[in-house]
1. Output the number of the condition that residue A:31 fails; it satisfies all remaining conditions of (1) touching a strand residue (DSSP E or B) at 6+ places or on another chain (Cβ under 9 Å); (2) surrounded by 13 or more Cβ atoms within 10 Å (Cβ to Cβ); (3) within 14 Å of chain B (Cβ to nearest Cβ).
2. So which strands (runs of 3 or more DSSP E) stay within segment B:228-312 end to end and still have 2 or more residues that are modelled with pLDDT under 95?
3. Take the residues in segment B:1-27 that are outside any strand (DSSP E or B) and in contact with a strand residue (DSSP E or B) (Cβ under 7 Å, 6 or more places away or on another chain), then tell me which one is nearest to residue B:327 (Cα to Cα).
4. Being in a helix (DSSP H, G or I) and within 30 Å of residue B:258 (Cα to Cα) is the filter here; which residues of segment B:169-224 pass it?
5. Among the residues of segment B:313-338, which ones are away from chain A (no Cβ under 14 Å) and outside any loop (DSSP other than H, G, I, E, B)?
6. Pick from segment B:239-257 the residues that are at the interface with chain A (Cβ under 10 Å from one of its Cβ atoms) and under 15 Å from residue B:275 (Cβ atoms): which of them is nearest to the chain's Cα centre (by Cα)?
7. Report yes if residue B:109 is part of a loop (DSSP other than H, G, I, E, B), in contact (Cβ under 8 Å) with a residue 24 or more places away in the chain and at positive phi, otherwise no.
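The values are calculated or read from the model by the stated rules, or taken from the named source; none is laboratory data. These numbers come from a predicted model, not from an experiment. A quick note on method: Cβ atoms are made from the backbone with ideal geometry, for glycine too, and the neighbour counts reach across all protein chains shown.
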């Protein structure tokens, strides 16, 4: 299982990795993305979640930022 | 249930805390046990002596580095004058003595729960390579040297920074050859050879406390990450984790070496890799953390030794926090006077 898969995330945006003991604080957007990734949603689906939840119309830009964020998760070895 | 009088050393709950007070708390908190705790102290200022809700009576012991006979005689005096059924030694320096005299103590009605001397030697840093391979855990690149020439060749090959360590005690980080040579001379003068050169592994500090039953089975283990340490490197805040690699290594260690007694594995985690740094053949000072999350290892030792029932497959939750704090006790001089004048509280 990936690290993201075992990450315990609460609704306030606190994420805890029970294997390493590392913890992360997430803002609302990051929380939405991580929950989407945990539910195995793809980039298109998560983009749709963000645009809907945060009332954003620039879908292309959201998708670009989302790809950038996912790269950061890779750097943190979370995915 | 019959009262069991348990002697605990390491009741020096100071800035570099001994494990004894945490072990005493664990034993007192198990309400299925009927225990009295005897503090085995080396100094009248050891705070455990004054914590009378945890430690019922304390005695000053001669140093274990002195005459063995005097040490054992003191324990037998405690047995005779107050009662002493069991001893959990909590300090490295006294363990060889307790291991050597375990049979003598047993014959005199004092039980222990300790590794044998061969197992005990596994904690030597010159043995860690063999142990790490056997229990399937990484070891930072390591070289064991027994001469100055070998040491110089070693530090040239390793590059800097590197760790210079004694086999049992002392570990220093060196950034230059001069520093490394200074530490080398210092350790050799105090502790002798061998000297261990080790590559520095930078990552998160993770520890496990566990107990082996001497037959290859575990009496429980708890894995933690240090979140905050003091300037002496002692844990101040920590969190329980469930790191499969570390917990498997612990199970392997207990099974492969049939380890008997408590121990601590100190490791560093880098990404997903876990590196073994040290084996401590006793409870760590934070062992009450395990009790707090439901695994009372000290009580399990007593229950195993007296054939009492206990949970043989204990489990705990990851994400439980340990916060150490300071506290002061105000008391009168009576206990201090007794311990100084009579050697017992």
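1. Result: residue A:31 fails condition (3) only.
2. Details: elements: B:235-241, B:260-270, B:273-280.
Once the strands (runs of 3 or more DSSP E) in segment B:228-312 are filtered for at least 2 residues that are modelled with pLDDT under 95, what remains is B:260-270, B:273-280.
3. Residues of segment B:1-27 outside any strand (DSSP E or B): B:1-3, B:10-27.
Add one more test, that the residue is in contact with a strand residue (DSSP E or B) (Cβ under 7 Å, 6 or more places away or on another chain), and what stays is B:3, B:11, B:20, B:23-24, B:27.
On the way: B:3: 30, B:11: 15, B:20: 17, B:23: 18, B:24: 17, B:27: 21 Å.
So the residue we want is B:11.
4. B:191
5. B:323, B:334, B:335, B:336, B:337, B:338
6. Among residues in segment B:239-257 that are at the interface with chain A (Cβ under 10 Å from one of its Cβ atoms) and under 15 Å from residue B:275 (Cβ atoms), the one nearest to the chain's Cα centre (by Cα) is B:246.
7. yes
So that you can scan it fast, the table gives a plain yes or no per residue for (1) touching a residue at least 60 places away in the same chain (Cβ under 8 Å); (2) in contact with a strand residue (DSSP E or B) (Cβ under 8 Å, 6 or more places away or on another chain):
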| site | (1), (2) |
| --- | --- |
| A:4 | yes, no |
| A:8 | no, yes |
| A:11 | no, no |
| A:57 | no, no |
| A:61 | no, no |
| A:64 | no, no |
| A:71 | no, no |
| A:74 | no, no |
